[in-house]
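Remarks on the structure that follows.
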Amino acid sequence: MTDRGRYDVAVIGAGPGGSRAAERLARSGRRVLLLEKRERVGHPVRCAEAVGPRADVERYLALDDTLVSSPVDGVAVVAPDGTRFERAFPGAGFVVDREAFDRRLSEAAAAAGAELRTGHQAMGLLRENGRVAGVRVKDLRAGGHYDALAAVVVGADGVESLSPRWAGLKDQYRPEEIFSCAQQLVEGIDASRAFIEFYLGRRFAPGGYAWVFPKGSGRANVGVGVNPLMADGKPAVRYLDAFLAHRCPGGARTRLVVGGCAVARGLSRLAADGYVAVGEAANQNNPFSGGGIINALEGADMAAEAIARALDRGRVSARDLASYAKTWKGSTGRANEAFFHAARIFYGLSDDELSRVVRGLSRARGLFDERGVKPRRLIQALVVSNPRLLVQSLGYWLGAAWRR
Ligand SMILES: Cc1cc2nc3c(=O)[nH]c(=O)nc-3n(C[C@H](O)[C@H](O)[C@H](O)COP(=O)(O)OP(=O)(O)OC[C@H]3O[C@@H](n4cnc5c(N)ncnc54)[C@H](O)[C@@H]3O)c2cc1C
């Protein structure tokens, strides 16, 4: 065992959340170690690659042609009975090249001074006097382990994360807290308009949705995310096969992606003594859509600010890091809480009810703003189309008021 240095901050995972936290902290003069178990940052891609409007993304990195595969100029939702709701939404967002996107963020971290080590996997947390004091690391290329000591560890290890469990912040996911996903990059598909499409219902995506996200030049990410408890024991790829046969029978399948996407309620605690969780590791994804790229970047900025302040004071207990959770829960965390309840209602609906909801969407007022769907309006739209949902949504409002 060799001691490989002493850092202000060790970050586990060079996805968007980890790279951004590393960049921010390195830029403020901290000594930062960024650990990534994969050989190549961002590879293989396990994502449908959609992000929101330019202004939201460019808070974190400038978009250029090497990062953008296609703009997103509208949304289409297809109900189980074939009813189609469409809304043009120019400037709604982009489908990016996720590998290039993640690489650019990790390069920004390295340029700011963070020490990026790929092929290095965190194996556990080190502790000193009961608090987290660093990371036990395995060098996957050379073999062997070493300890990296750090005043604060950032767990940004994504959906497969173990570090929040090591820190005592999280239990194992329950099956319904993860969309089980399968996706193909399809070529030769009719995706001429830059709309993102969502298909609802038990045939293609029980307890979730199927999607078509344009990648430009007649290509699209075509995928499904299902609730494993509602999937009749079938893996997501079986649903994907059925969806591909329906939506793009002639398309050539060029890149299969299989993986989980967290749609869980946000963690109640985001910090332990000497540790914070960020991004999907902290359940910061939108629990309705599963989207989490921008959320991870946002969480990373909030975490980095709280860590920098705590380091300035020389105290990094959970209490000293608590401003991070406060900021998160007062902003996107609050919207996520509403999305979580909306999702519980929405994904439990029968096919008939889903079709009724989609028919009602064209009448719903103020459902979208420049950042996408507004969660409270979504719940209203659900209730208007299905009055029996009033009881469930009352449960939500009471729950939300209680947690405030
Ligand atoms: C099929 C699918 C489609 C999706 N589509 C979208 C979409 O269109 N839009 C969107 O916004 N979100 C989407 N998501 C979700 C999105 O990919 C994640 O929310 C986002 O990547 C979270 O970023 P992160 O930095 O928290 O974690 P990640 O991007 O998962 O990064 C975590 C990193 O940690 C590394 N790591 C893990 N364990 C260790 C360890 N022990 N030691 C060292 N490194 C480790 C991993 O290799 C990884 O690089 C999708 C997810 C899936 C599965």
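The values are calculated or read from the model by the stated rules, or taken from the named source; none is laboratory data. What you see is a predicted model; the values in this text were computed from it and never measured. As a convention, Cβ positions derive from the backbone with ideal geometry for all residues, glycine included, and neighbour counts pool all protein chains shown.
Report whether or not Glu197 is in the same structural domain as Leu105 (by TED's automatic domain parsing), within 14 Å of the ligand (Cβ to nearest atom), under 30 Å from Ala92 (Cβ atoms) and among the charged types (D, E, K, R).
When the stated conditions are applied, Glu197 does not pass them.
Residues to consider are Ala335, Ala322; find the one that is modelled with pLDDT under 95, of a type in the set (A, V, I, L, M, F, W, C) and more than 14 Å from Gly18 (Cβ to Cβ).
After ruling out the rest, the residue left standing is Ala335.
Cβ-Cβ under 7 Å, sequence separation 6+ or interchain: first residue in region 314-326 and farther than 20 Å from Asp301 by Cβ, partner part of a loop (DSSP other than H, G, I, E, B). Which pairs?
Listed by first residue and then by second, the contacts come to Ser317/Asp273.
Could you tell me whether region 47-61 includes any residue that is more than 13 Å from Val95 (Cα to Cα), modelled with pLDDT of 95 or more, outside the structural domain of Met302 (by TED's automatic domain parsing) and among the hydroxyl-bearing types (Ser, Thr, Tyr)?
yes
Residue check, Gly207 against (1) outside any helix (DSSP H, G or I); (2) buried (at least 22 other Cβ atoms within 10 Å of the Cβ), all met but one. Which one?
For Gly207, the exception is condition (2).
Which of the following residues is over 24 Å from the mean Cα position of the chain (by Cα), closer than 17 Å to Gly13 by Cα and surrounded by fewer than 18 Cβ atoms within 10 Å (Cβ to Cβ): Arg127, Arg136?
Arg136
Is there a residue being more than 30 Å from Leu256 (Cα to Cα) and more than 9 Å from the ligand (Cβ to nearest atom) anywhere in region 156-166?
yes
Specify which of the listed residues (Leu149, Leu116, Leu162) is surrounded by 15 or more Cβ atoms within 10 Å (Cβ to Cβ) and more than 25 Å from Arg27 (Cβ to Cβ).
After applying the criteria, what remains is Leu162.
Working carefully through the options Val222, Val212, Val186, find the one that is in a strand (DSSP E or B) and more than 12 Å from the ligand (Cβ to nearest atom).
Val186
Just for region 165-181: of the residues that are of a type in the set (Asp, Glu) and closer than 30 Å to Leu244 by Cβ, which one is surrounded by the most Cβ atoms within 10 Å (Cβ to Cβ)?
Glu177
Would you kindly identify the strands (runs of 3 or more DSSP E) lying entirely within region 23-109 that contain at least 1 residues that are within 15 Å of the ligand (Cβ to nearest atom) and surrounded by fewer than 21 Cβ atoms within 10 Å (Cβ to Cβ)?
Strands (runs of 3 or more DSSP E) meeting the threshold: 68-78.
So is Arg20 under 15 Å from Asp301 (Cβ atoms), within 10 Å of the ligand (Cβ to nearest atom) and touching a residue at least 24 places away in the same chain (Cβ under 8 Å) or not?
yes
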